[in-house]
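Chemist: Take a look at this one; I'll ask things after.
The values are calculated or read from the model by the stated rules, or taken from the named source; none is laboratory data. Being a predicted model, the structure only gives us computed values, none of them experimental. Note: ideal-geometry Cβ built from the backbone for every residue, glycine included; neighbour counts use all protein chains shown. For the accessible areas, the whole protein counts, side chains as well, though only heavy atoms, and no ligand, DNA or RNA atoms are used. Shrake-Rupley method; radii C 1.70, N 1.55, O 1.52, S 1.80 Å.
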Amino acid sequence: MNVVQLKGSGVTIGDIVDIARGDAVVETAPEVFDRLRKAREILEAAAASGQSIYGMNTGLGANLKTAVESDHAAFQRQLVRGRGVAVGPVLPRDATRAVIAARLSMLSVGGSGISPETYQALAAMLNAHVHPQMPSIGSIGAGDLVLLAAMARCLIGEGRAEFERQILDAADALKRAGLAPASLKPKDGISLINASAVSVGEGALALHDVRDLLAAQRRAAALSFEALGGNPLILTLAIQAARPAPHQSNEAAAILAQLEGSSLFQSAVAIQDPLSLRCVAPIHAALADSLERAIAIVEIELNSAADNPLVILDEERVLSTGNFHTPALSLAFETLGLAIAQAAAASAARFIQLTGSGRNGLPRYLSPVGGASAGFVPMQKVVTALMAQIRHKANPVMLDFVPVSEGVEDHATQAALTVRKCAEMLDLWRQLIACEMLAATQGIDLRPGHRCGQGTAKTHALIRKLVPVLNEDRALGEDAMVIFEALPFETDVSS
């Protein structure tokens with residue numbers, strides 16, 4: 001069984017994926033508990049000195065100026081219950097696990113002041129596979145408090161949870177897992193919920209999937225080079241070096257590796273192909289650059305103390321912060337969504353080139369029988385519809401907010417929404433890639449004597465194991481969905 005150790009640093013999106021989808025066990029390094037204990041001592045000393053500490057001895061948001069003078073533990077339960085207002089579909093199992101893992105990773109840095117006992121209870125709940133039923137709508141990006149309240153409520157035995165494929169009352173789920181509800185200490189409630197763990201956890205999963213789909217998109221583009229008789233010299237590394245944009249040389253090299261050994265290098269080719277083929281390296285490079293930036297930002301969040309208030313261990317004091325605010329995260333996912341849409345648009349354009357009136361010797365509509373055969377041309381409508389949905393999801397939303405909490409929260413980032421709509425693009429993009437692969441493979445089969453490259457030959461063979469060549473008209477949508485279900489194949493682009 002895989003194990004991911006939390007040390008307060010070094011957690012990657014791959015670790016979150018292992019926990020979320022591979023059920024890796026979370027272990028906590030001993031030094032984390034040292035930090036948690038020290039932070040707790042600093043926090044309690046500050047409160048004992050009479051310092052006003054947000055969410056510990058004061059109300060939240062619009063209730064900021066309301067002092068909490070007694071029964072601070074009861075206030076933490078009230079705080080969590082009062083924010084259990086999220087609505088909408090519940091997060092899927094893998095996303096829920098990613099959210100809890102992300103919050104544990106952040107807490108392990110040691111800036112929250114959470115009690116070690118509550119931290120341990122949250123880790124135990126995750127490892128026991130007790131998964132809170134977390135509604136998905138309610139965050140505006142100024143932290144994911146409303147969404148994380150469901151996680152905190154489950155931890156204290158309230159709300160609903162999934163355990164062993166059954167939806168149960170949270171208290172019953174904890175009991176069946178051999179766990180007791182946690183007893184929140186002062187500030188534990190706000191420590192659990194005042195973070196962007198939903199945005200970060202879901203973001204980690206989305207970025208992992210984007211990385212896999214970019215590899216699949218490279219393979220689809222390489223197939224289109226073969227099918228369209230594209231000029232592979234456009235991928236020459238000296239061309240990329242002449243304008244050394246980030247990742248452009250790598251993206252060109254990845255497709256060249258697919259084409260190595262192709263008869264394209266010996267045949268007469270067009271001087272200039274359509275831009276969706278000719279400019280594939282810079283298009284994919286922009287996506288790779290956006291992806292790299294988004295991964296870096298998510299991993300900063302995973303390994304940071306973004307709490308408010310924050311226990312500063314080295315200075316032994318507690319200060320209010322704005323670290324929970326995530327404009328960089330939102331901007332990264334807005335940019336990534338636009339970059340995905342650009343790559344998808346190029347894929348769609350190549351599909352239209354492949355399935356049109358006949359380019360570079362291909363038969364009309366990729367139909368081997370011709371005449372009244374529809375061939376692939378009706379699927380142009382599907383590709384156009386997919387592209388319209390992708391474009392819709394790519395529209396920016398991070399500026400869509402209004403002031404709430406009596407003007408205390410007058411700015412928001414919509415981080416959870418920017419992450420989610422980017423993630424929702426991925427199945428659409430995957431279907432588009434499947435369509436391009438289906439058409440390009442058909443095009444290759446209609447080029448007698450053509451020899452594919454080492455990589456493209458493997459991709460062609462994989463697709464032909466899934467679906468046969470089109471001879472007479474049939475329901476190609478079913479073929480596309482078979483490929484869709486099999487993607488992304490292997491992620492090694494040179495394989």
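Chemist: All but one of (1) under 30 Å from F333 (Cβ atoms); (2) in contact with a Ser or Thr (Cβ under 6 Å, 6 or more places away or on another chain) hold for G201; state the number of the condition that does not hold.
Modeler: All conditions pass for G201, except number (2).
Chemist: Take the range 23-34 and flag every residue that is touching a strand residue (DSSP E or B) at 6+ places or on another chain (Cβ under 9 Å) and not hydroxyl-bearing (S, T, Y).
Modeler: Within the range 23-34, A24, V25, V26, E27, A29, V32 qualify.
Chemist: Also, I was wondering about something else. May I ask you to say which residue of T456, T441, T491 is of a type in the set (S, T, N, Q), in contact with a helix residue (DSSP H, G or I) (Cβ under 6 Å, 6 or more places away or on another chain) and modelled with pLDDT under 95?
Modeler: T491
Chemist: Follow-up. Which members of the range 363-393 meet the condition of being among the β-branched types (V, I, T) and in contact with an Asp or Glu (Cβ under 9 Å, 6 or more places away or on another chain)?
Modeler: Quick first cut of the range 363-393, residues among the β-branched types (V, I, T) only: 369, 377, 382-384, 390.
Correct list: V369, V383.
Chemist: Specify the residue that is surrounded by the fewest Cβ atoms within 10 Å (Cβ to Cβ); the eligible residues are those in the range 333-380 that are among the charged types (D, E, K, R) and within 23 Å of D445 (Cα to Cα).
Modeler: The selected residue is R364.
Chemist: Name the single residue, out of those in the range 254-284 being small (G, A, S) and within 21 Å of M437 (Cβ to Cβ), that is farthest from the chain's Cα centre (by Cα).
Modeler: S263
Chemist: Filter the range 207-265 for residues that are open to solvent by 40 Å² or more (accessible area, probe 1.4 Å), in contact with a Ser or Thr (Cβ under 9 Å, 6 or more places away or on another chain), touching a residue at least 60 places away in the same chain (Cβ under 8 Å) and over 27 Å from G358 (Cα atoms) and give the result.
Modeler: R211, the sole residue that qualifies.
Chemist: Here is a list of conditions, (1) assigned to a helix (DSSP H, G or I); (2) of a type in the set (G, A, S); (3) at pLDDT below 95, and G50 meets all of them except one; can you say which number that is?
Modeler: Of the numbered conditions (1) assigned to a helix (DSSP H, G or I); (2) of a type in the set (G, A, S); (3) at pLDDT below 95, the odd one out for G50 is (1).
Chemist: Here's something else I'd like to know. Out of A171, A124, A161, which single residue is open to solvent by 30 Å² or more (accessible area, probe 1.4 Å), in contact with a Pro (Cβ under 7 Å, 6 or more places away or on another chain) and more than 23 Å from Q414 (Cα to Cα)?
Modeler: A171 is the lone residue from the list that is open to solvent by 30 Å² or more (accessible area, probe 1.4 Å), in contact with a Pro (Cβ under 7 Å, 6 or more places away or on another chain) and more than 23 Å from Q414 (Cα to Cα).
Chemist: Given the conditions (1) surrounded by fewer than 23 Cβ atoms within 10 Å (Cβ to Cβ); (2) out of contact with any strand residue (DSSP E or B) (no Cβ under 9 Å at 6 or more places or on another chain); (3) acidic (D, E); (4) on the phi < 0 side of the Ramachandran plot, report the number of the one that D144 does not fulfil.
Modeler: (1)
Chemist: Name the residue, out of A195, A149, that is among the aliphatic types (A, V, I, L, M) and either open to solvent by 30 Å² or more (accessible area, probe 1.4 Å) or outside any helix (DSSP H, G or I) (or both).
Modeler: So the residue among A195, A149 that is among the aliphatic types (A, V, I, L, M) and either open to solvent by 30 Å² or more (accessible area, probe 1.4 Å) or outside any helix (DSSP H, G or I) (or both) is A195.
Chemist: What are the pairs with Cβ atoms under 8 angstrom where one residue, in the range 1-15, is in contact (Cβ under 8 Å) with a residue 60 or more places away in the chain and in a loop (DSSP other than H, G, I, E, B) and the other, located anywhere, is surrounded by fewer than 16 Cβ atoms within 10 Å (Cβ to Cβ) and not acidic (D, E)? Sequence gap at least six, or different chains.
Modeler: Pairs found: K7/A29; G8/A29.
Chemist: Residue under question is A388, and the condition is that it be small (G, A, S), in a helix (DSSP H, G or I) and farther than 30 Å from S196 by Cβ; does it hold?
Modeler: Values: small (G, A, S): yes; in a helix (DSSP H, G or I): yes; farther than 30 Å from S196 by Cβ: yes.
Spelling it out, A388 is indeed small (G, A, S), in a helix (DSSP H, G or I) and farther than 30 Å from S196 by Cβ.
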